[in-house]
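This report refers to the structure that appears directly beneath it.
The values are calculated or read from the model by the stated rules, or taken from the named source; none is laboratory data. Bear in mind the structure is a predicted one, so any value in this text is a computation, not a measurement. Cβ: placed from backbone, ideal geometry, glycine included. Neighbour counts: every protein chain shown. The accessibility values were calculated without ligands, DNA or RNA, using every heavy atom of the protein model including side chains. Shrake-Rupley method; radii C 1.70, N 1.55, O 1.52, S 1.80 Å.
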Amino acid sequence: MTKTLERVETQDQLPDSTSVVIIGGGIVGLTAALALAERNIPVVLLEKGHVAGEQSSRNLGWIRKTNRHLHDVPLAQAADRLWAEMPSRVGQDVGYKQSGIMFLAKNQAQLAMHQGWLKSVESLSLDSRMVSPEEIEQLVPGGKGNWLGGIYTPSDGNAEPSIAASAIAKAAIKKGAIIVQQCAVRTLSTEGGKVSGVVTEKGPIRCEQVLLAGGAWSRRFLGNLGISFPTLPLICSVLRTKPMEGPTDIAVGGPDFSFRKHQDGGYIITQRGKLDAPVTLDHLLIGHKYLDQLRTQRSFLNISMGSYFFKDLGLSRRWNANSRTPFEKVRTNDPDFNADLNQQALNNLRQAWPIFEKAEIAEAWAGIIDVTPDSNPVIDRIESIPGLTVATGFSGHGFGTGPAAGQLAADLMSGVEPIIDPSPYKFGRL
């Protein structure tokens, strides 16, 4: 976990029953819990490790509409509104700033990609626009990158992952939600084919509905229920610098680096052109579903077979309610960061903006991204198990849309008008 993650004090005792149980204490599950508590619906959130201990505190903090699929943009727009309201809603600063995001192009192919995306979303009246090399210098001064151009969305922004999910958790508790950490859910209980509760390592809880928001663990949990949910892991390595002077508050993504201002005055930096892709058994089982992604994104992947394969292979894929589960054996996914990729990112950034020669690394970490075949999440009811809803598979961009995704899941369970059209996130499309 990042050094700056705010811990949350929660209770240890399980209630006998509730209306909704949420599995997973990331930002999506927490926002769903908050929305349900605000509607006076009894809800219990169970987290096998620490709240926000995995990708919800390890991501880059970007909140963007730029470069999302057309049908995914409405969720991001709804999230913008919810992020803006979040400080007053939870009674705490979450680091949200609508400071803009810019993506840069070094060559014509990259520029054409941005132009193509802008054309694809022209019906949505976004404030995204192409920018010239001169405008890039005005907005992000001091650069030496010789950019051909870029795309800029002033209404995009960022929040602080190390405090946002924790603040949402604390607000949910104040509004009546029960959160229990260090408590893995082993499986569901059913009666007449419908959800009737969950079995946890600490005992059972009766409930009417369950929301699975387990991130990279969701495939394994669903697999034990006989439901195939396709996700594969990617590992993103990140570094944070010590406070320093920098060129801008705008978050910037180049072809082989990205950076954004951290609330303490440092910068969050990653090698945007490379992700580690450790081979697992799942690559053999469902890899065929990813062939289109592999053809278009092979250059972005560091594919390797090593210790991750054997650690993953050593975790059970089938168990019963009385068995110790993978979620109890590994409380927190904590992959090693790739120091070489982090150094590449810093070197590439220093060539583009020499002021980062002054950067000193304060910490580094890595997080596991659960990627679906189309890089979009599933937020939907599972028809084969009435009472089970899933909100997972966010493919590395769940933090930005998290508040809207959590509310959409809460809407589906509550039977109210959904915050946006949920049809792009159907389970059946995969």
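If only residues of the range 102-161 that are among the hydroxyl-bearing types (Ser, Thr, Tyr) and part of a helix (DSSP H, G or I) are counted, the one that is farthest from the chain's Cα centre (by Cα) is 123. For the range 407-420, a residue qualifies if it is outside any helix (DSSP H, G or I) and either out of contact with any Leu (no Cβ under 9 Å at 6 or more places or on another chain) or small (Gly, Ala, Ser) (or both), and the qualifying residues are 415, 416, 417. Looking across the range 160-196, just one residue is basic (Lys, Arg) and touching a strand residue (DSSP E or B) at 6+ places or on another chain (Cβ under 7 Å), and that is 186.
For the range 268-289, the criterion of being open to solvent by 20 Å² or more (accessible area, probe 1.4 Å), over 23 Å from residue 372 (Cβ atoms) and in a loop (DSSP other than H, G, I, E, B) is met by no residue. In the range 401-430, the residues that are at pLDDT below 95 reach residues that are crowded, with 17+ Cβ neighbours inside 10 Å with C-beta atoms within less than 6 angstrom, at least six apart or across chains, in these pairs: 430/230. Annotation: residue 302 fulfils all but one of (1) of a type in the set (S, T, N, Q); (2) in a strand (DSSP E or B); (3) in contact with a Phe, Trp or Tyr (Cβ under 9 Å, 6 or more places away or on another chain); the unmet one is (3). Got a number for residues in the range 306-319 being exposed (fewer than 15 other Cβ atoms within 10 Å of the Cβ), within 19 Å of residue 219 (Cβ to Cβ) and either more than 24 Å from the chain's Cα centre (by Cα) or free of Cβ contacts under 8 Å to residues at least 60 places away in the same chain (or both)? Qualifying residue count for the region: 6.
Considering only residues that are under 15 Å from the mean Cα position of the chain (by Cα), among the β-branched types (Val, Ile, Thr) and under 22 Å from residue 419 (Cα atoms), which ones fall in the range 5-61? Scanning the range 5-61 gives 27, 28, 31. Does residue 317 satisfy the criteria of being out of contact with any His (no Cβ under 7 Å at 6 or more places or on another chain), within 24 Å of residue 64 (Cα to Cα) and part of a loop (DSSP other than H, G, I, E, B)? No. Is it the case that the range 112-120 has a residue that's open to solvent by less than 10 Å² (accessible area, probe 1.4 Å), more than 30 Å from residue 213 (Cβ to Cβ) and not charged (D, E, K, R)? Taking every residue of the range 112-120 in turn, at least one turns out to be open to solvent by less than 10 Å² (accessible area, probe 1.4 Å), more than 30 Å from residue 213 (Cβ to Cβ) and not charged (D, E, K, R).
Taking the criterion of being out of contact with any helix residue (DSSP H, G or I) (no Cβ under 8 Å at 6 or more places or on another chain), touching a residue at least 24 places away in the same chain (Cβ under 8 Å) and farther than 21 Å from residue 347 by Cα, the residues of the range 124-155 that qualify are 127, 139, 153, 154. Selection within the range 229-250: residues that are touching a Leu at 6+ places or on another chain (Cβ under 8 Å) and not in a loop (DSSP other than H, G, I, E, B). The member of this set that is surrounded by the most Cβ atoms within 10 Å (Cβ to Cβ) is 237.
Is it fair to say residue 340 is closer than 17 Å to residue 57 by Cα and open to solvent by 20 Å² or more (accessible area, probe 1.4 Å)? The answer is no for residue 340.
The residue of the range 407-425 that is least open to solvent (accessible area, probe 1.4 Å), among those that are of a type in the set (A, V, I, L, M) and in contact with a Pro (Cβ under 6 Å, 6 or more places away or on another chain), is 408.
Taken over the range 320-333, the residue count meeting the criterion of being assigned to a loop (DSSP other than H, G, I, E, B) and surrounded by 16 or more Cβ atoms within 10 Å (Cβ to Cβ) is 4. Scanning the range 57-97 for residues that are hydroxyl-bearing (Ser, Thr, Tyr), touching a helix residue (DSSP H, G or I) at 6+ places or on another chain (Cβ under 7 Å) and under 22 Å from residue 38 (Cα atoms) gives a single hit, 96. Tallying residues that are of a type outside the set (Val, Ile, Thr), within 20 Å of residue 238 (Cβ to Cβ), part of a strand (DSSP E or B) and open to solvent by 10 Å² or more (accessible area, probe 1.4 Å) within the range 351-406 yields 5. Of all the residues in the range 287-302, those that are free of Cβ contacts under 8 Å to residues at least 60 places away in the same chain and closer than 11 Å to residue 232 by Cβ number 2. On the stretch given as the range 180-202, residues that are open to solvent by 60 Å² or more (accessible area, probe 1.4 Å), touching a residue at least 24 places away in the same chain (Cβ under 8 Å) and more than 25 Å from residue 53 (Cα to Cα) total 2.
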